[in-house]
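Heads up: the structure comes next, in structure tokens.
The values are calculated or read from the model by the stated rules, or taken from the named source; none is laboratory data. The structure displayed is predicted, hence computed values, not measured ones. Cβ sites come from the backbone with ideal geometry, for glycine too, and all protein chains shown count toward neighbours.
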Amino acid sequence: MKTRIILVLAALFLTANFGFAQQDEECMLNLTLMSDFVKSKKYDEAYGPWMKVRNKCPKFSYAIYAYGEKILKDKIENSTGQEKLDYINDLMLVWDQGMEYYPSKYELGEVLVDKALLMYDNQKEMGLTDKQIYDAFDKAYKQDLKHFKSAKGLYVYFTKIVDLFKAEQAPLQDVFNKYDDVSEQLEKINADYTIKLNKLIEKEESGKALTKNEGKYKPFYQKSLEANDKISGSLDTYLGQLANCENLIPLYQKDFPTYKNDAVWLKRAVSRMYNKECTDDPLYIELVKAYDATAPSSDTKYFVATILYKQGKDNEAEKYIKQAYDLETDTFKKGKLAYRIANTFKSKGSYGSARTYYREALKLNPSDGKPHLQIAAMYAKSANNCGDTNFNKRAVFWYAAEEALKAGRVDPSMKSAAQQAANSYNANAPTRAEIFEAGNAGTTISIGCWIGGSVKVPNL
């Protein structure tokens, strides 16, 4: 009896394995067909074998979900009506199944943002309201902010709260709060990309070659930073006149008694009033004092300095500027602060101090070309004061052009602006005829005043 039981169990085991083997063979065939069709972008042909392997062996391969997304996106693009809606719903399901069977391949925030973007791109067909679209992005923001990295997603998320405000479905404060939320998230993403990009640039500058993988990531980081900068500008454009002083001041006056000890609220209020040039209003001083008392930091010291500059207390202001810079420990934020301080000195005509901080900004963030353009602009503006002859004064423009071109070398997105600036400066430098007349082609001219340095006269 015992022997018969063992034989029966063995037979069942062999039958089961044979069944699995058949299933695996069929699934492998359909997976191979699907993969070949997808690689050839024959998505219609890929759909049949994909559905077979997906339904019969849902855990067979991650490719079922990675390629399935491509197949369904093509179907959505090339269909209409109920058929299109069915494909949209199926893509939502594919993301859910992918997360269920291959959780290590997916991040919740990325999937939620992908779903929200799919809803946004097909809002009319799906009959969705702005509130439903906003809530879809809000879910991603609240459940997994760390992986909410889509620049388009962040932009749409913000525009929808603005649309809700215009439709009288959300208060103005919610618009400002979401602007800050989205801006801060973009800054975190930019900080991450910038730090990684700077390491690659520093490696190249040390004479070491990038690995094949690093060579691929460098343009990705550069393009991502460029795209995020455009998104930041688009946020301001979409916000428009809602964030003018006429709206901000009464709103913050009303809320100040409630939030006077809330460091986050104070930081956002002070930053917005500063950026929108509402600093002449007495409320700005109140907000800065409250912010500095509640959470003294590099930020607060800088804003105190802006008040002291307004009051003509430059020496005291510069002490606070130094405190602000010394207190900041985060490399990315310190680089941005150095650039902001440099701009302050530049606007006051303190070009030597401005250049010092622009160079600090370059040390901390070598992938940012903006400081080079700012330094070049100061050189050009000082040309008339930095030479003993008309020729030598105008030679400063060559020096300015050289500095401007550096911006394009470190930051490809600025190559056009850098070349345009250099062309403008070179147009003001001595002409070939003037070089011939002076007889100094190929010689080196020392530049005086705060600029220092030297520039070589071009050869004829």
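Per-structure values
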{"item": "Enumeration of residues in the stretch 155-175 that are touching a helix residue (DSSP H, G or I) at 6+ places or on another chain (Cβ under 6 Å) and either closer than 19 Å to Y106 by Cα or polar (S, T, N, Q) (or both)", "result": "T159"}
{"item": "Yes/no for D411 being over 25 Å from S446 (Cβ atoms) and out of contact with any Lys or Arg (no Cβ under 6 Å at 6 or more places or on another chain)", "result": "yes"}
{"item": "Hits in the stretch 203-230 - residues which are touching a helix residue (DSSP H, G or I) at 6+ places or on another chain (Cβ under 7 Å) and either part of a loop (DSSP other than H, G, I, E, B) or touching a residue at least 24 places away in the same chain (Cβ under 8 Å) (or both)", "result": "L210, Y221, Q222, S224, L225, E226, A227, N228"}
{"item": "Test: D144 is among the acidic types (D, E) and either in contact (Cβ under 8 Å) with a residue 24 or more places away in the chain or touching a His at 6+ places or on another chain (Cβ under 9 Å) (or both)", "result": "yes"}
{"item": "Residue under evaluation F137, criteria (1) under 23 Å from the mean Cα position of the chain (by Cα); (2) exposed (fewer than 15 other Cβ atoms within 10 Å of the Cβ), criterion not met", "result": "(2)"}
{"item": "Set D180, D130: member being in contact (Cβ under 8 Å) with a residue 24 or more places away in the chain, more than 25 Å from M92 (Cβ to Cβ) and touching a Lys or Arg at 6+ places or on another chain (Cβ under 6 Å)", "result": "D180"}
{"item": "The stretch 111-134, subset among the acidic types (D, E) and surrounded by fewer than 18 Cβ atoms within 10 Å (Cβ to Cβ), residue farthest from F148 (Cα to Cα)", "result": "E125"}
{"item": "Residue in the stretch 279-287 that is polar (S, T, N, Q) and more than 22 Å from F256 (Cα to Cα) present", "result": "no"}
{"item": "Some residue of the stretch 239-254 being in the same structural domain as N275 (by TED's automatic domain parsing), crowded, with 18+ Cβ neighbours inside 10 Å and either among the aromatic types (F, W, Y) or over 20 Å from I161 (Cβ atoms) (or both)", "result": "yes"}
{"item": "Of the criteria (1) part of a helix (DSSP H, G or I); (2) in the same structural domain as E277 (by TED's automatic domain parsing), which one K334 fails", "result": "(2)"}
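Quick grid of which residues meet (1) surrounded by 15 or more Cβ atoms within 10 Å (Cβ to Cβ); (2) over 29 Å from the mean Cα position of the chain (by Cα); (3) part of a helix (DSSP H, G or I); (4) touching a residue at least 12 places away in the same chain (Cβ under 8 Å):
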| position | (1), (2), (3), (4) |
| --- | --- |
| L308 | yes, yes, yes, yes |
| Y320 | yes, yes, yes, yes |
| A324 | yes, no, yes, yes |
| Y339 | yes, no, yes, yes |
| A342 | yes, no, yes, yes |
| Y357 | yes, no, yes, yes |
| D368 | yes, no, no, yes |
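Residues checked against (1) part of a helix (DSSP H, G or I); (2) closer than 24 Å to L33 by Cα; (3) of a type in the set (A, V, I, L, M, F, W, C):
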| site | (1), (2), (3) |
| --- | --- |
| S79 | no, yes, no |
| M92 | yes, yes, yes |
| W95 | yes, yes, yes |
| D114 | yes, no, no |
